[in-house]
Amino acid sequence: MFSYIKKIKSFSYPMIIAMGFAILITIGTILLSLPFASRSNVSAGFLEALFTATTSTCVTGLVIIDTYTQWSLFGQLVILALIQIGGLGFMTIITLFSFFLKRKIGLKERGLLRESVNTMYIGGIVRLTKKILIGTLIFESIGALLLSARFIPRMGVIEGIYNGIFHSVSAFCNAGLDLMGKFGQYSSLTTFSGDAVVCLTVIALVITGGIGFFVWDDISINKFHFRRYQLHTKIVLITTAFLIVGGSASFFIFEGGSTFSGMSFGDKIITSLFCAVTPRTAGFNTIDTAALSPASKLLTMIFMFIGGSPGSTAGGIKTTTFAVIIISLLSSLKNTSTEDVLRRRLESGALKKATAIASFNIILALTATILISATNAAQDLADVLFEVFSAIGTVGLSTGITTSLNVFAQAVIIALMYLGRIGTLSFAILFTEHGSPPKIMHPEEKINIG
C-alpha cells in the first residue's frame, strides 16, 4: 500500500487525504450499485449508491433510502466497513495492515498519519495510531455487548448481536446510520427512546469517539490529573462539558412541556442529554426531530455547526475552533492584546485559522441553502437550513426532507458531506497552497471596523 503513496510524494497531505476519501467513496458506490447489494436483487441506482457511500464514508447519516429495508446483508456490511474506515481515517486502516505485514513506516507516511488523525506532533504518531486502533476495538466491543444485551430479546441472538455491533460502530464513529427500519422506515432509535441502557451506551460511544484521539492519549498518560493535561485537552474537555450540560438543560426547558410531555422525569433527563450529544455529530434520534420547537431546532443547528473535537470521528468546525473564537471575543471585550486562557497564551495564528474555518463553513452553508431553496421552492427555508448544517457538519439529523429533495439538491448534499469530512479548510488549502509569499509588503492603512 505504501509503495503507491511514495509515487505521489509531490502531492500535499490534504490532497492525498481528499483523494483517499474520494477513492473510498467510489469503491463504495460501485459495490452498493451491485444487484446483490440490495434486498430486491435489483441495483439501487447510481445516485442512491453514491449518496449512501458518501454518507457512510463521511460518517454523516443522512439517507435517501432506508438502510435496513433497501440493503441486503452484503450491502449493510459494505456500509459498516465504510463507516469504520471513514471514521478512523483510511491512513489509520492502512497502517493497521502495515503492522500486520511488519513493514516500516517512513516519514512521509508518518506525516500523512499526523494529518489524518489531526494531531499536533509527528513524534510518537505510530504509537498513537496503535493506541487508537486498540482503543477503538475496546470501546466498540463494550458498546456492542451492552447494545446486544438489549437487542437480543427483541431480535433474537444472531440478529441482536449483529445489530449491537453495527450500531456500536456507527455510534463510536459518529455516523448515525442505523438498521431500525424493521420497526419503521427512518425511525432511528425512537423505538428505544425509553431504554436507558441503549440511550446511555450510544451517548457514551458518541462522546468517546468525538473528543479526539489526542485527548485520549493525553488522558491515558496523565490519568485524572487535570493540571497536567495539555491546553488542547483542557479546552476540549471544558468546552465539551459546557455544551453537553448547557445543551441538556436547554432542551429540557424548551421541550419539557411539549415534545417530552408524557415522559417520566428520568426519561426527560436522558432524552435531553441525547438531544444535546447526538447533534455533535452522531445523527441518531430518539424523538421526531421535525416535532422539535423552533428554539430547539436552532440550538440543534448550532450544535451541528460546532460538532466534535479535532482528530476525532466527529465533524463540524470543532470545539477548539468555537472556543478560540469565544476566547478572542472575551479578550476584545477586555481590550487585551493577547488571547489568554487557563494561564496560557494562544499561539499566534490560532484566531486567524479559527475564523477562517468558521467563515468558510458559514459561506458554504449559506451558498448551499440558496441553491437548494432556489431549486426546491416547496421546501421550508428552516428545514433546508437544518439539512445543510446537518450535511456540512456530518451529523445526519433531518426534519424528513432528504428523500423529497430533487437530484440537484441531493448532489449538493453529497458535496457538503464530502467537504465536511475532509475539512473545508483543508479543501480550500488545495487551491491556495502553491501560492508564494509576497516579495513586497504594501503600505498599511487603517479602516473602520464595526
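Filtering the stretch 44-55 to residues that are modelled with pLDDT under 95 and either hydroxyl-bearing (Ser, Thr, Tyr) or crowded, with 24+ Cβ neighbours inside 10 Å (or both) leaves nothing. Annotation: of all residues in the stretch 202-222 being over 18 Å from Val59 (Cα atoms) and in contact with a His (Cβ under 9 Å, 6 or more places away or on another chain), the one that is modelled with the lowest pLDDT is Phe214. Would you check if Ser248 is surrounded by fewer than 18 Cβ atoms within 10 Å (Cβ to Cβ) and either touching a Pro at 6+ places or on another chain (Cβ under 7 Å) or among the hydroxyl-bearing types (Ser, Thr, Tyr) (or both)? Here the answer is no, as Ser248 does not meet what is asked.
For the stretch 255-291, what are the residues that are over 24 Å from Ile392 (Cβ atoms), hydrophobic (A, V, I, L, M, F, W, C) and either modelled with pLDDT of 95 or more or touching a helix residue (DSSP H, G or I) at 6+ places or on another chain (Cβ under 8 Å) (or both)? Within the stretch 255-291, Phe260, Met263, Ile269, Ile270, Leu273 meet the criteria.
If you go through the stretch 386-401 one residue at a time, do you hit one that is modelled with pLDDT under 85, within 21 Å of the chain's Cα centre (by Cα) and in a helix (DSSP H, G or I)? Within the stretch 386-401, none of the residues are modelled with pLDDT under 85, within 21 Å of the chain's Cα centre (by Cα) and in a helix (DSSP H, G or I). If you go through the stretch 132-160 and pick out every residue that is charged (D, E, K, R) and buried (at least 16 other Cβ atoms within 10 Å of the Cβ), you end up with 2. When the residues of the stretch 331-367 are filtered to those that are of a type in the set (Asp, Glu) and surrounded by fewer than 18 Cβ atoms within 10 Å (Cβ to Cβ), the one that is nearest to Phe226 (Cα to Cα) is Asp340. Check whether at least one residue in the stretch 168-190 is touching a helix residue (DSSP H, G or I) at 6+ places or on another chain (Cβ under 6 Å), surrounded by fewer than 19 Cβ atoms within 10 Å (Cβ to Cβ) and under 15 Å from Ile287 (Cβ atoms), and report yes or no. Among the residues of the stretch 168-190, at least one is touching a helix residue (DSSP H, G or I) at 6+ places or on another chain (Cβ under 6 Å), surrounded by fewer than 19 Cβ atoms within 10 Å (Cβ to Cβ) and under 15 Å from Ile287 (Cβ atoms), which makes the answer yes.
Pairing residues of the stretch 412-431 that are assigned to a helix (DSSP H, G or I) with residues that are among the charged types (D, E, K, R) and at pLDDT below 65, at Cβ distances under 9 Å and at least 6 apart in sequence or on separate chains, gives Ser426/Glu115. Residue count for the stretch 211-241 under the criterion of being out of contact with any Phe, Trp or Tyr (no Cβ under 8 Å at 6 or more places or on another chain) and either basic (Lys, Arg) or loosely packed, with under 14 Cβ neighbours inside 10 Å (or both): the result is 9. For the stretch 32-43, a residue qualifies if it is surrounded by fewer than 19 Cβ atoms within 10 Å (Cβ to Cβ) and of a type outside the set (Ser, Thr, Tyr), and the qualifying residues are Leu34, Pro35, Phe36, Arg39, Asn41, Val42.
In the set (1) over 28 Å from Leu366 (Cβ atoms); (2) buried (at least 20 other Cβ atoms within 10 Å of the Cβ); (3) in contact (Cβ under 8 Å) with a residue 40 or more places away in the chain, Phe303 fails one condition alone, (1). Summed over the stretch 171-190, residues that are under 15 Å from Val63 (Cα atoms) and not in a loop (DSSP other than H, G, I, E, B) total 2. If you go through the stretch 16-43 and keep only what is of a type outside the set (Gly, Ala, Ser), in a helix (DSSP H, G or I) and touching a strand residue (DSSP E or B) at 6+ places or on another chain (Cβ under 8 Å), you end up with just Leu32. State which residue pairs qualify: first residue in a strand (DSSP E or B) and inside the stretch 332-351, second residue at pLDDT below 80 in any location, beta carbons under 8 Å apart, and separation of 6 or more residues or different chains. Within 8 Å, the pairs are Arg345/Thr338; Arg345/Glu339.
The values are calculated or read from the model by the stated rules, or taken from the named source; none is laboratory data. Given the structure is predicted, the values throughout are model-derived calculations rather than measurements. Ideal geometry is used to build each Cβ from the backbone, glycine not excepted, and the neighbour counts take in all protein chains shown.
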